[in-house]
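Data block below; observations after.
The values are calculated or read from the model by the stated rules, or taken from the named source; none is laboratory data. None of the values given here were measured: they were computed from a predicted structure. Glycine gets a Cβ as well: all are built from the backbone with ideal geometry, and neighbour counts include every protein chain shown. All accessible areas refer to the heavy atoms of the entire protein, side chains included, with ligands and DNA or RNA removed. Shrake-Rupley method; radii C 1.70, N 1.55, O 1.52, S 1.80 Å.
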Amino acid sequence: MKIGFIGLGIMGKPMVRNLMKAQHELFVYDISPKNVDLLVQEGAHGCASIEEVVASAQCIITMLPNSPQVETVVMGKDGILETSQEGHIIVDMSSIAPLASQKIGKACEAKGVRMLDCPVSGGEPKAIDGTLSIMCGGDKDLFDDVAPVLKIMGKDVTLCGTLGAGNTTKLANQIIVACNIAGLAEAFTLSKKAGVDPTTVFHAIKGGLAGSTVMNAKAPMMIEGNYNPGFKIDLHIKDLNNAIDTAHGVGSPVPLTVAVQEMFENLHFDGKGQHDHSGLAEYYAKISGTTIGDE
């Protein structure tokens, strides 16, 4: 199958590689020519413009930072809809605001283009091994058509409802992940200050009710002081901003989300926005004077 892919960042590149491994023909575009060139060396077709992607593939996947970028790529000047034809499919795998997905979907519908919103969770490691969780919103028939492609990139692929439901589900995911990471950082800082090795605490509790995928992935990073990004603080700030805006729009209280967002913002203004979101431990180190790992 010929597939267009726009957005070749930390997540996009491994997702393209998995699609190529499954013998799909990929036509790729990114604002960074270096990202395109890298994947061309691995077998993808490089495109010099969005128009070239549209001309080459009926199904186009977008993996972009936020709502404005997706709106520009799909609806803007020289965007997908300028040269798309009836029958084209857009699968937006970016994490954006649900209302933005619905707005883009209406513009697509007017052009005869079908769209799904399919944000992902799992970060770079699961993008690499093709075991992402993919949360989808849109028409069931279209979902059924696209699901075989999505299952190459993800282990759990779920239709959550109509267009926008995928991103609503992703916002719920990001709230839970953020609060979980904050709880880990707080608990391990407490154990360290109380004289108990955080590594011992991690191994003692990871098999119990407190254990989680988040703990298994992020506790070792905190203990090692390794904040190389699998998912950047600045991107989580974006997601929580969308969560807070959406919650305010529907009248849902999110006090824990707001508190964690303030921690992330503090780290951003300390110049740590490109660190992994496990870097919430750095916030606790700053205010407690104690690092979780070995000093």
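Database remark: amide H of residue 161 closer than 5 angstrom to the amide H of 138 (H placed geometrically; neighbours at sequence offset of 5 or more, or on other chains; Pro and chain starts carry no H). Ligands, DNA and RNA aside, residue 231 has an accessible area near 40 Å² when probed at 1.4 Å. Database remark: amide H of residue 5 closer than 5 angstrom to the amide H of 27, 28, 29, 61 (H placed geometrically; neighbours at sequence offset of 5 or more, or on other chains; Pro and chain starts carry no H).
In this view, the solvent-accessible surface of residue 224, computed with a 1.4 Å probe and all protein chains in place, comes to about 130 Å².
Only helices enter the 222 nm calculation for the chain: every DSSP H run of n ≥ 4 contributes -39,500 (n - 2.57), and dividing by all residues gives -17000 deg cm²/dmol, rounded to 500. For the stretch 40-131, trypsin sites (Lys or Arg not before Pro) are listed when DSSP marks them as loop and at most 12 other Cβ atoms sit within 10 Å of their Cβ; the list is 77.
Assuming charge only on the beta carbon of Lys and Arg (+1) and of Asp and Glu (-1), the dipole of the chain about its Cα centre is about 400 debye to the nearest 20.
Using a probe of 1.4 Å, the accessible surface attributed to residue 245 totals some 100 Å² when neighbouring protein chains are kept in position. One Cα centroid belongs to the stretch 154-225, the other to the stretch 51-106; the line between them spans 32 Å. The string of couplings for the stretch 81-91 from the Karplus curve (6.51, -1.76, 1.60, θ = phi - 60°) is 5, 5, 10, 6, 10, 4, x, 5, 10, 10, 10 Hz, one whole number per residue in order, with x for Gly and Pro. Computed from phi, the 3J(HN,Hα) profile of the stretch 124-139 under the Karplus parametrisation 6.51, -1.76, 1.60 (θ = phi - 60°) reads 4, x, 7, 5, 5, 8, x, 10, 4, 8, 10, 10, 10, x, x, 5 Hz, with x in place of Gly and Pro. The aspartates and glutamates whose alpha-carbon is closer than 17 Å to the alpha-carbon of residue 111, local same-chain residues fewer than 8 away aside, are 51, 71, 78, 82, 86, 92, 139. Sorting 152, 128, 292 by solvent-accessible area of protein heavy atoms yields 128, 152, 292, largest first, with a 1.4 Å probe. Please determine, in degrees from 0 to 90 and to the nearest 10, the orientation of helix 12-21 with respect to the longest principal axis defined by the Cα atoms of the chain, where the helix direction is its Cα long axis. Approximately 60 degrees, to the nearest ten. For the listed residue pairs 21/232; 232/286; 13/77; 126/193; 106/272, the alpha carbons are over 30 angstrom apart in 126/193; 106/272.
Placing a label point 7 Å from the Cα of residue 22 along the Cα-to-Cβ direction, the residues of the stretch 78-122 whose backbone N falls under 20 Å from that point are 88-95, 114-122.
Sites listed here are GluC sites (Glu not before Pro) in the stretch 79-178 whose DSSP assignment is loop and whose Cβ has at most 13 other Cβ atoms within 10 Å: 86.
Take every Cα pair under 8 Å whose residues are at least 6 apart in sequence, average their separation, divide by the length of the stretch 1-113, and the relative contact order is 25 percent. Over the chain, with every protein chain in place, what whole percent of the accessible area is carbon and sulfur at 1.4 Å, could you tell me? Ligands and nucleic acids excluded, carbon and sulfur give 55 percent.
In the context of the full set of protein chains, the chain has a per residue accessible area of 46 Å² (1.4 Å probe). The angle separating the long axis of helix 98-110 from the principal Cα axis of greatest extent in the chain is about 0 degrees.
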